[in-house]
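The values are calculated or read from the model by the stated rules, or taken from the named source; none is laboratory data. The structure displayed is predicted, hence computed values, not measured ones. Here the Cβ positions follow ideal geometry from the backbone for every residue, glycine too, while neighbour counts run over all protein chains shown.
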Amino acid sequence: MNRDELLRRATDPRQYDSEALDWPREGMAGTPAMRFFESYLIPEIDRLHARRAIDIGCGTGHLFPLLHAGGAGRVVGVEPSARSAAIARREYPELEVIEAPFQDLGLAREFDLAVAVMSFEHQPDLRAAFEAVGRLLAPGGVFLLVAGDMAFHLSPHFGLPHEHVVLPDGSVLVARTYPHGTICDIVRPPEHYERAGRDAGFALRRRLAMRPTSDLIASDARWAGLERQAIAHLFEFAVADTV
C-alpha cells in the first residue's frame, strides 16, 4: 500500500468492519491480547475508583467488567465499528454503547475516567483527540491511554508480514498482517502523546512501559524472547489544574 492508502485505512473509523478482518478472534474478552491489557489496567482502575467511566474505542466491550468492578455505576463505550458495537451490546447489556466516532458525541463533562486502549493509533490529529477527551471529563477526571510502542511495531516478530511508511513528523504508518487479517495504525513515539496531551490542557502523571506478562508468555512461548521489550505504554493524564 502507498502512503495515502495506508493513512486512509489507519484513520478509517470502520476499519474493523472489513470482511477481511476477523477482529473478534483477537478482540474478545479472554484472548491473550485482551488479558495482557487488562492485567496492567486493573490496578489503575481499582485505584481510581471512578463512578462514571467512558471507554473510547471500546471494541467488543471487554473493559466493561473491569470498570464496573472498579466502582463505575455508569459505563459508556464508544465504538465506530458496527460489528464490534453489536458484540459489545450483546455481551454486556449494561454497557451504554454509542456507535460513532468519539469526537461526535456531544456529551457533557460528566465522566471521572476516560480509557482508550490502542484506539488513538487511528486518530489523525492527536491534539484534537485529546481536546475531545477533555470535553468529556469532569473536574478531577483522569485519562488512561494505552498506545503501542514504536520499536515493537516496527520490528519483525513472529514472522508476521508488515509494511510501513515514515511520516515527516516522526510517526509511522504501519500495516501488519495477522492470522485474523491486516490492521493499519499510526504508530507514534511516546513523546508525541505527552506533547499533545500537554497542548490540550492535560498533565502527565506517569508513564509505564507494558512488557510481556507471564500469562502472555504462557499463552505463546514466542513472547519469551521479547520479555524485555515494551509492547505498549500506559499513560495517566489529568486535567492540568487538578494535579
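Within the stretch 71-114, the set of residues being touching a helix residue (DSSP H, G or I) at 6+ places or on another chain (Cβ under 7 Å) and within 16 Å of Phe143 (Cα to Cα) comprises Val75, Gly77, Val78, Phe102, Gln103, Leu113, Ala114. Being crowded, with 22+ Cβ neighbours inside 10 Å and of a type in the set (Ser, Thr, Tyr) is a description that does not apply to Thr31.
Return yes when Ala88 is at pLDDT 95 or above and either under 17 Å from the mean Cα position of the chain (by Cα) or not in a helix (DSSP H, G or I) (or both) and no when it is not.
yes
Taking the criterion of being among the basic types (Lys, Arg) and either outside any loop (DSSP other than H, G, I, E, B) or over 19 Å from Thr31 (Cα atoms) (or both), the residues of the stretch 167-217 that qualify are Arg176, Arg188, Arg195, Arg198, Arg205, Arg206, Arg207. Being surrounded by 15 or more Cβ atoms within 10 Å (Cβ to Cβ), at pLDDT below 90, assigned to a helix (DSSP H, G or I) and not small (Gly, Ala, Ser) is true for just one of Glu26, Glu44. Which residue is that? Every option except Glu26 fails the conditions. Might you let me know whether the stretch 12-23 holds any residue that is in contact (Cβ under 8 Å) with a residue 12 or more places away in the chain, crowded, with 23+ Cβ neighbours inside 10 Å and touching a helix residue (DSSP H, G or I) at 6+ places or on another chain (Cβ under 7 Å)? Scanning the stretch 12-23, I find at least one residue that is in contact (Cβ under 8 Å) with a residue 12 or more places away in the chain, crowded, with 23+ Cβ neighbours inside 10 Å and touching a helix residue (DSSP H, G or I) at 6+ places or on another chain (Cβ under 7 Å), so the answer is yes.
Has the stretch 54-70 got any residue that is out of contact with any helix residue (DSSP H, G or I) (no Cβ under 9 Å at 6 or more places or on another chain), surrounded by 19 or more Cβ atoms within 10 Å (Cβ to Cβ) and part of a helix (DSSP H, G or I)? Among the residues of the stretch 54-70, not one is out of contact with any helix residue (DSSP H, G or I) (no Cβ under 9 Å at 6 or more places or on another chain), surrounded by 19 or more Cβ atoms within 10 Å (Cβ to Cβ) and part of a helix (DSSP H, G or I), which makes the answer no. In the stretch 115-135, is there at least one residue being buried (at least 16 other Cβ atoms within 10 Å of the Cβ), over 17 Å from the mean Cα position of the chain (by Cα) and at pLDDT 95 or above? No, because not a single residue in the stretch 115-135 is buried (at least 16 other Cβ atoms within 10 Å of the Cβ), over 17 Å from the mean Cα position of the chain (by Cα) and at pLDDT 95 or above. Of the candidates His233, His153, the single residue that is in contact with a strand residue (DSSP E or B) (Cβ under 6 Å, 6 or more places away or on another chain) and assigned to a helix (DSSP H, G or I) is His153.
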